[in-house]
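The values are calculated or read from the model by the stated rules, or taken from the named source; none is laboratory data. Quick caveat: nothing in here was measured; it's all calculated off a predicted structure. Methodologically, a virtual Cβ is constructed for each residue, glycine included, from the backbone with ideal geometry; neighbour enumeration extends over all protein chains shown. Surface accessibility is based on the protein's heavy atoms, side chains included, excluding ligands, DNA and RNA. Shrake-Rupley method; radii C 1.70, N 1.55, O 1.52, S 1.80 Å.
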4 protein chains.
Amino acid sequence: MTTRKVNLGVVGLGYWGPNLVRNFNEVANCAVVIACDLKQERLNQIKRRYPFIETTTRYENLVSRSDIDAIAIATPVFTHYELAKKALEEGKHVLIEKPVSANVKEAKDLIKIAQDNNKILMVDHTFLYTSSVRKIRELISNGELGELYYFDSVRINLGMFQPDVNVIWDLAPHDISIAHYVIGEEPTSVSAIGKDVNNSGIACIAYITLKFGNGLIAHIHVSWLSPVKVRRTIIGGSKKMIIYDDIEPTEKVKIYDRGVQFDYTKETPFQPTYRLGDIHLPRLEQKEALLVEAEHFIDCILNDKRPLTNGEAGLLVVKALEASDRSLREGGREVMLDND
Amino acid sequence: MTTRKVNLGVVGLGYWGPNLVRNFNEVANCAVVIACDLKQERLNQIKRRYPFIETTTRYENLVSRSDIDAIAIATPVFTHYELAKKALEEGKHVLIEKPVSANVKEAKDLIKIAQDNNKILMVDHTFLYTSSVRKIRELISNGELGELYYFDSVRINLGMFQPDVNVIWDLAPHDISIAHYVIGEEPTSVSAIGKDVNNSGIACIAYITLKFGNGLIAHIHVSWLSPVKVRRTIIGGSKKMIIYDDIEPTEKVKIYDRGVQFDYTKETPFQPTYRLGDIHLPRLEQKEALLVEAEHFIDCILNDKRPLTNGEAGLLVVKALEASDRSLREGGREVMLDND
Amino acid sequence: MTTRKVNLGVVGLGYWGPNLVRNFNEVANCAVVIACDLKQERLNQIKRRYPFIETTTRYENLVSRSDIDAIAIATPVFTHYELAKKALEEGKHVLIEKPVSANVKEAKDLIKIAQDNNKILMVDHTFLYTSSVRKIRELISNGELGELYYFDSVRINLGMFQPDVNVIWDLAPHDISIAHYVIGEEPTSVSAIGKDVNNSGIACIAYITLKFGNGLIAHIHVSWLSPVKVRRTIIGGSKKMIIYDDIEPTEKVKIYDRGVQFDYTKETPFQPTYRLGDIHLPRLEQKEALLVEAEHFIDCILNDKRPLTNGEAGLLVVKALEASDRSLREGGREVMLDND
Amino acid sequence: MTTRKVNLGVVGLGYWGPNLVRNFNEVANCAVVIACDLKQERLNQIKRRYPFIETTTRYENLVSRSDIDAIAIATPVFTHYELAKKALEEGKHVLIEKPVSANVKEAKDLIKIAQDNNKILMVDHTFLYTSSVRKIRELISNGELGELYYFDSVRINLGMFQPDVNVIWDLAPHDISIAHYVIGEEPTSVSAIGKDVNNSGIACIAYITLKFGNGLIAHIHVSWLSPVKVRRTIIGGSKKMIIYDDIEPTEKVKIYDRGVQFDYTKETPFQPTYRLGDIHLPRLEQKEALLVEAEHFIDCILNDKRPLTNGEAGLLVVKALEASDRSLREGGREVMLDND
């Protein structure tokens, strides 16, 4: 462990940026030096809470400063590539909000630029830093669920409609990154069905199906147009099943000792046996995921570690998003993913 | 109103048949005269509870009796056609468990046979006889929801795996019939994705998407392999939205005065407005749906009425099921429904 | 095990009686021979469902029949004593709805009469036959909860107002019998506070506190005037805590590995440590409690066993009820229970 | 409205103090100038988040500064009196955490000192600044509930055990102040039953009953030793009933059109009629209550207004707390409150 301090700049102070400021401000060995946004009122609000943070409306004032070590980007998706490229080329480490870029080509480019400049490129897949998702991964990799059958996720709420990306690009990165992380495999195909309600051509409700090499099917329901907020994932295995309800304040992960057995030896009629065992809720740490993630980013920088949610993890998500767009346009056709 | 009495026979005493016996036994102007099943132990159980009901293992003993006016059929799907055909031809009115038949051709045949014999053919789409679904239909047809956007239904539980039909044929008839009834339109296309877990080739998890002429999208998630029972439908409209949770003992229907408005007149940036108004739960009758339905069947017989869930309503469901099978086989391709 | 059959008569066909008929009708070695009520329409309803059961409006027709072995009484409390006394004296075994009698003297009398006639007197404390309550007793007697601190029960709903007894006599017998059974001790004092809303002098809302020898405090909230149904008991121990929610369809018993530790050795300031461990939900049998109880009653008769909920268990409850009435009248004063 | 600015000092940075700092920091016309605590690490934490706020371990540095207009006190209860007295006498306006003081005498003294110095004394009864409680008060004062029957509140959780006050002093001030505010009357008597678990003599579980002049009974269950957090209040009236569940993220207030009617004119047997009507959930503002309260405090100072939760409101709560202590010592005896 070193005692050096990382000087950070934050770009984009809309919905998510202020959370980055607040959490990085709590990380030891990190100083939030400067914040940048095009809107002066957002800068004023940051200034009111953190009078010691410099503010600017010009990205150049940030990216070219030699005392800045790293930049956290929380701007609209279409701007990610240019901002991150510039930062990496200026020798800054970069944390970038999900999805990492607006298309696969950009994501691949950014990975290469980061490598060439020997800088860290990390993607803000926040949920992978929650104790819930980590516990689920642990259970699955320990074999407690047996053979995995399905991953079914619902992430719906009223809003926030985005002007530039559809609901899949806005919300499904969470579920795709979680599925990838806990299953430990990459999806092989994607199909998607969606609907817009304002003739915008931008789907605000969508159903995405991912298939995985091991036969697992992942289904994701995302919506900006639900009367209530739901964030619930069910994972079914041959031995156990999990319900992960992120709305629950504390009882987020329930493990069900439930399943069905088929007796193939008997010549008698079809007679499945249902196992209805106990339910278990493991204790989970309550630490804010974004703080865990911020600490991880700073730790990677100071100690030359590889981030859990690196550029490749981000690329995988963008591949699935791009394929889902194609499937949407082609009436829900299954689109194969090349995992090169 | 007449004072004649309908003499009823019940065929099939597995899971659902005893419920038919119990409810028809409560209907005035109806006498459950005889019950039929291939398994003697099931007959014994009926005999224990209702010693006055005759029992038989031979359908002939039932269908050819001149004092029997009507037959309720709750046998496996593949037997529906033969049993119902015979009953109609013998001049009996028929109530038949959903789905009405194993394919479209059979359903059309049965409709014709019923017409030719001037007998009632009614399909047991039980949920259309609940106060919840009726209230929802009333709200929608009154225009309270505005333009309809989506119908999203989840009907999952652990079991009951069926040996002969997949989970779509087992569970989705409920959602398809509800969607058809409350929306008041027929679906124009179906796509379906599914998964089996025991190499049976019989999907036990499935996602079905129905499209409707008015642009509405209906998505149905059915499963025999969920750790918990969920029966929840969300219906979104431009003015209001509904959550119908059939698991709730009393608070089944919640009406949300929520939505989003887009201001197309402004030249300013994209800025949707969210409406977060009150929530309302209408009082609902608690009467058992199957009793309402049984009374309706008897009333239709005695007073020459047309049943709400007639053969055509059953045919529409079977069309969607048949199309979903085709879509399943063809990787989720959208299959058009001809509504002839 | 004998193959003799118990011939049963049921008296009182209001709310609970039909449940007795239905469940005893399912018990092997038991025949429900005759049912009795003052209201002919209730008898007609039983006749409709069970044409083979004889009905009568006169208790004498029941109690003096030599072919009747046992009588189940589900009439208003004030009639229990006379009906049960008569039945026992006629040589019938008796199952009697809770509370066993309208006062302590009657309960003691009935116990003696039963002894003198060598007949079984069993009280219908139904909840002691649920898998939930039995699991809780097992956990407590195994020491899993550690030292018991409190038992807190809420049993509220809208209705059913009784004309002759207050809400304590109507609902608290459940909680008192459960508390007695799971704690394994008898209460030493009772205090009660109540309120009526219609100047009837009959409390429809009440709060009862029982103290036990081991320092445990049991608090019971009963009400006929709640907008919603709640049936929830929290039991706190030094090691673990339980929430028993009887409204939950399946997840009724939750065991929390939670608690607080005080470090008395440290000289430093007061600093309790909270233990927030896992939550566990044991699998529970789903069998209807009243059927378990009915089978137990028949088993006790046929095999000369002592019922779990015998007259003494019923007496203990009536003692607490009588004391609660005194406390109500005396402004909530703590009334000591003599446990002779 | 004036443009003057209130300079504020905050004393006590344990659990609640940092919330005061955070919220007052958001109020226009208010500057948090200095924060005070005996523990240096707490000051450091404030300094980290708000480098522009001065910190001190000495109250004198705060209270004697002429540029400080107001002081917010969030220290242990036994220190309230001395700190508030000093502040008022130094000409500062005072906001003080609930309960306002450790006994009635101190509360009366503080009210007088505030009057004598013409300064505002406001008590931090936070819940009275929530949209939920305000909506409930509005409904009750509009007569929508009809005659009020009962107020039943449960406020339980695991922790936070206090070293100096019992659970009644810690938690019941919330319920007493809410009851007083929404009912619009003062309680006339108090009784209390409690239990400690560590021989500390400090009850950590308690049941308090307040009676009101209009016959209403308020029952409050508070506990530091519950496995789960519950914050639920049921209010029953002759016309409607309310459930206020503060744990619900958005659906906090449910209004039930439910009740019971007794027909006194009929000569027929007792036959109450139950009204089971609709349920309504009014839309509620989501603004943080402490921010509303902080703005109210500043507004009262700048514009010479009388605070909603003034010293008298605080005194009423302390009277009830003092009486509950007496009742606890005297075995739950009803203690009359003189409302002089």
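Filtering segment A:23-59 to residues that are part of a helix (DSSP H, G or I) and in contact with a Lys or Arg (Cβ under 9 Å, 6 or more places away or on another chain) leaves only A:ARG49. Return a yes/no flag: does segment A:89-103 have any residue that is open to solvent by 10 Å² or more (accessible area, probe 1.4 Å), among the polar types (S, T, N, Q) and not in a strand (DSSP E or B). Yes, segment A:89-103 contains a residue that is open to solvent by 10 Å² or more (accessible area, probe 1.4 Å), among the polar types (S, T, N, Q) and not in a strand (DSSP E or B).
Screening segment D:275-295 for residues that are basic (Lys, Arg) and assigned to a loop (DSSP other than H, G, I, E, B) and picking the one that is nearest to D:ASN19 (Cα to Cα) gives D:LYS287.
Scanning segment A:236-254 for residues that are more than 9 Å from chain B (Cβ to nearest Cβ) and open to solvent by less than 50 Å² (accessible area, probe 1.4 Å) returns A:GLY237, A:TYR244, A:ASP245, A:ASP246, A:GLU251, A:LYS252, A:VAL253.
Across segment C:260-277, the number of residues qualifying as within 8 Å of chain D (Cβ to nearest Cβ), open to solvent by less than 40 Å² (accessible area, probe 1.4 Å) and modelled with pLDDT of 90 or more comes to 1. On inspection, C:THR188 fails the criterion of being more than 14 Å from chain D (Cβ to nearest Cβ) and not hydrophobic (A, V, I, L, M, F, W, C). Within segment D:114-132, being more than 19 Å from the chain's Cα centre (by Cα), open to solvent by 20 Å² or more (accessible area, probe 1.4 Å) and not acidic (Asp, Glu) holds for D:GLN115, D:ASN117, D:ASN118, D:LYS119.
How many residues does segment C:196-207 contain that are out of contact with any Pro (no Cβ under 9 Å at 6 or more places or on another chain) and open to solvent by 30 Å² or more (accessible area, probe 1.4 Å)? Of the residues in that region, 3 qualify. State all residues of segment D:133-166 that are within 14 Å of the chain's Cα centre (by Cα) and either among the polar types (S, T, N, Q) or outside any strand (DSSP E or B) (or both); if no residue qualifies, say none. Once the filter is applied, which keeps residues that are within 14 Å of the chain's Cα centre (by Cα) and either among the polar types (S, T, N, Q) or outside any strand (DSSP E or B) (or both), segment D:133-166 yields D:VAL133, D:ARG134, D:SER153. Just give me the residues in segment A:64-88 being in a helix (DSSP H, G or I) and farther than 22 Å from A:LYS319 by Cβ, in sequence order. Hits for segment A:64-88 are A:LYS86, A:ALA87. Annotation: A:SER141 fulfils all but one of (1) more than 14 Å from chain B (Cβ to nearest Cβ); (2) open to solvent by less than 20 Å² (accessible area, probe 1.4 Å); the unmet one is (2).
Apart from one condition, A:LEU316 fits all of (1) surrounded by 17 or more Cβ atoms within 10 Å (Cβ to Cβ); (2) part of a strand (DSSP E or B); the exception is (2). Counting only residues that are open to solvent by less than 10 Å² (accessible area, probe 1.4 Å) and farther than 21 Å from A:ALA192 by Cα, segment B:178-195 holds 3 of them.
Scanning segment B:42-63 for residues that are away from chain C (no Cβ under 14 Å) and either out of contact with any helix residue (DSSP H, G or I) (no Cβ under 9 Å at 6 or more places or on another chain) or over 23 Å from B:ARG4 (Cβ atoms) (or both) yields a total of 9. Quick check: anything in segment A:279-299 in contact with a Cys (Cβ under 8 Å, 6 or more places away or on another chain), among the aliphatic types (A, V, I, L, M) and more than 8 Å from chain B (Cβ to nearest Cβ)? Within segment A:279-299, one or more residues are in contact with a Cys (Cβ under 8 Å, 6 or more places away or on another chain), among the aliphatic types (A, V, I, L, M) and more than 8 Å from chain B (Cβ to nearest Cβ). Taking first residues from segment C:143-161 that are basic (Lys, Arg) and partners that are outside any strand (DSSP E or B), the Cβ contacts under 7 Å between residues at least 6 apart in sequence or on separate chains come to C:ARG155/C:LEU171; C:ARG155/C:HIS174; C:ARG155/C:ASP175. Does A:HIS280 satisfy the condition of being touching a His at 6+ places or on another chain (Cβ under 7 Å) and open to solvent by 40 Å² or more (accessible area, probe 1.4 Å)? Yes: the conditions hold for A:HIS280.
Note on segment D:231-246: residues that are under 17 Å from the mean Cα position of the chain (by Cα) and of a type outside the set (D, E, K, R) total 2.
For segment C:30-49, state whether one or more residues are open to solvent by 10 Å² or more (accessible area, probe 1.4 Å) and touching a residue at least 60 places away in the same chain (Cβ under 8 Å). No, the conditions are met nowhere in segment C:30-49. The set of residues from segment D:197-207 being free of Cβ contacts under 8 Å to residues at least 24 places away in the same chain and either within 9 Å of another protein chain (Cβ to nearest Cβ) or part of a strand (DSSP E or B) (or both) comprises D:ASN198, D:SER200, D:TYR207.
Within segment C:13-26, the set of residues being surrounded by fewer than 19 Cβ atoms within 10 Å (Cβ to Cβ) and over 15 Å from C:ILE96 (Cβ atoms) comprises C:TYR15, C:ARG22, C:GLU26. Just to verify a result, which residue in segment D:208-228, among those that are under 25 Å from C:ARG275 (Cβ atoms) and surrounded by 22 or more Cβ atoms within 10 Å (Cβ to Cβ), is farthest from the other protein chains (Cβ to nearest Cβ)? Filtering first and then ranking leaves D:VAL222. When residues in segment D:47-63 are screened for being among the hydroxyl-bearing types (Ser, Thr, Tyr), at pLDDT below 95 and over 14 Å from D:GLY17 (Cα atoms), 0 of them pass.
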